[in-house]
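Values in this text are rule-based calculations from the coordinates and carry no lab data. What you see is a predicted model; the values in this text were computed from it and never measured. Reconstructed Cβ throughout: ideal geometry from the backbone, glycine too, with neighbour counts over all protein chains shown.
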Amino acid sequence: MVGANFAYTSDVNARMRREVSKVATHDENDPAGRSTQSPRMPDLVDFVASQVGIDLTTIRKLSREDAFTGSLSAWRVLRGLAATFGYIGWHFMKHRRLSDFDLSDNQAVDCVRLGFHCSNLPANDARHIVLDLPRSKSIFPELYSVERASKAHDEAVLHELGTFAVAHPLRLATVLAVRIADEQSYIDFWIAQARGQIEHHLANERFVAGLDAMSKGLLTFHGLLEKVYGAEYCDRVLAPKACAPFDALDPELTARVVVTLANHVNEGRLEIKRNLEKKYPDIYEFYQPEHFGTRRRLE
């Protein structure tokens with residue numbers, strides 16, 4: 001039993017716990033993002049780097065190459081099988097010029113995957129890489145010639161790919177699909193590592209009741225925050241990203257952590273006290289402000 005309000009009934013993502021020892025966290029003052037500070041919680045980029053086994057120094061070098069950033073820049077407009085890591089990696093390798101280090105086909109796909117996550121970092125993060133869409137269009141117009149997916153286009157993409165990275169599991173995975181999967185894997189890892197923060201919130205019966213109500217489909221993320229912490233919480237704390245509510249986690253992933261915890265309640269992996277609905281009936285009233293345009297305040 002952990003705390004008074006909940007208990008995990010099974011070991012959640014034990015493999016992810018073991019992975020933390022292999023993750024090298026970054027130092028924002030180091031160009032390659034390598035750690036020179038005391039260990040801290042790895043972020044999403046650290047986590048993905050540890051999964052693919054690519055040094056962030058490699059991504060830093062590749063970010064200076066038009067073939068890499070230009071190919072990756074096109075992911076938002078590519079259609080069909082061209083919007084996959086395999087095709088983007090193939091296009092990058094076809095046009096690359098750097099020869100100071102070698103990459104296998106599989107490593108090229110992994111570099112594209114990690115580079116994509118680096119491009120989503122804040123601009124002031126040393127690991128951030130810039131994707132310049134106008135420059136990409138001027139250098140690689142062929143990437144922008146197809147306006148919609150078609151069977152013929154997909155067949156042409158497969159023909160071009162040939163045997164490139166044929167054994168890589170993400171060869172034909174879309175960028176968005178992998179992003180969602182990577183973020184969920186990281187969330188599972190983070191939950192396994194951040195027990196202290198989670199226990200702090202789970203010691204609050206109203207938060208636990210909020211998770212229970214969310215698991216029953218009564219509350220959305222913002223609905224839970226306002227019901228549990230008050231009507232001003234979103235404006236006072238969440239909007240400025242002061243704490244949302246886990247201060248060591250990227251605020252953009254926080255909602256999915258809370259949803260994952262609610263799913264654990266629903267699945268019975270996270271046991272909670274009974275009779276919370278009787279004790280906190282206001283929390284169990286249907287409230288999903290995100291679904292109704294501009295978020296209204298609770299009365």
Check: Between E277 and H95, what is the spin-label point distance in nm, taking each point 7 Å from the Cα along the Cα→C-beta axis?
Finding: 5.7
Check: Can you work out the FRET efficiency for the pair E160 and Q184, with r the C-beta to C-beta distance and R0 = 22 Å, to the nearest 0.05?
Finding: 0.10
Check: Tell me, what is the FRET efficiency for R269 and V52 to the nearest 0.05, using R0 = 25 angstrom and their Cβ-Cβ distance as r?
Finding: 0.35
Check: Roughly what would the spin-label model give for E252 and A167, points 7 Å off Cα along C-beta, in nm?
Finding: 3.4
Item checked: Label-point gap, in nm, between S150 and Q288 - each point 7 angstrom along Cα→Cβ -> 3.9
Checklist line | Under the Karplus curve 6.51 cos²θ - 1.76 cosθ + 1.60, θ = phi - 60°, whole-Hz ³J(HN,Hα) for the range 135-147, x wherever Gly or Pro sits | finding: 5, 4, 5, 6, 8, 10, x, 4, 5, 10, 8, 9, 8
